[in-house]
C-alpha cells in the first residue's frame, strides 16, 4: 500500500469517529455471543439488541448480527432508525392502559400520574425512556427474555398509537 492510500484510509477512519452527534438517544440493551459448530470448527458471531429514540415520541428497536461486536451494534442501530414508530404522549405518559401478548412475552403498560417516574423492568424501561415517556407503570409477565419483552413493548406502544388515532378520528366526526 502506498503513502497516498494510507493517508486516505486514515482520513476515512477519522471521519467515521468524528461523526456529528445524532439527534437520537442510542442504547445497547444486550449483546449475545453466538457460536455454531461447523466442519472446520466453531464459527463465532455476535448479536446486539439496540434501542433508538428521540425522547419526543419516536422509538425504534433493532437486532444486528455480525462476526464482531461493533458491526453488530452498527447494524442494530441502523435497523432501529429505519423502523421507528410514533408514540402518542399526553403529559409525559401514554393515554390509556394496554396489555399485549407476543409469543411468550406478556406486557402491561399503564399511564401513571406526574411525578411517578418510570416503574418498569430493564427491557421495558429502555424502550419507554428512549420514547420520551416520563411517567409509566408496567409489568412483564411470561418470560425473562429481553428480546421478546422489547418487541412486545414496541408492539404495545404501536397499538397505543393506532388506538389514539382511531379515538381522534371518532372525536373529529362528532
* To do: Please work out the C-alpha center-to-center distance from the stretch 24-59 to the stretch 118-174 and express it in whole Å.
  => 21
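In deg cm²/dmol and to the nearest 500, what is the mean residue ellipticity at 222 nm of the chain if only DSSP H runs of at least 4 residues count, each as -39500 (n - 2.57), divided by the residue total? Working shown, then result.
Numbers: 4 runs with 67 residues, N = 174.
Mean residue ellipticity at 222 nm (helix-derived): -13000 deg cm²/dmol.
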* For the stretch 86-173, just say rounded, prolate or oblate: build the C-alpha gyration tensor, square-root its eigenvalues into a ≥ b ≥ c, call rounded for a/c under 1.5, and beyond that prolate if a/b exceeds b/c, oblate if not. => oblate
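For residue 68 and residue 171 in one chain, what is 0.36 nm times their gap in residues minus the Cα-Cα distance, to one decimal in nm? Don't jump to the answer; show the numbers that get you there.
Numbers: separation 103, 0.36 × 103 = 37.08 nm, distance 5.10 nm.
Taking residue 68 through residue 171 to full extension adds about 32.0 nm, to one decimal.
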* Asked: What are the principal axis extents of the Cα atoms in the stretch 22-82, in Å, biggest first?
  -> 49, 14, 14
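If you take all C-alpha pairs in the stretch 48-124, what percent of them are over 15 Å apart?
Working: 1956 of 2926 pairs.
Everything past 15 Å amounts to 67 percent.
Out of the DSSP beta bridges found with both residues in the chain, what percent are antiparallel (nearest 5)? The partial results should precede the final answer.
Numbers: 35 of 37 bridges.
Of those bridges, close to 95 percent are antiparallel.
Read the figures in this text as sums done on the coordinates, not as results from a lab. Owing to the predicted nature of the structure, the values given are computational and were not obtained by experimental measurement.
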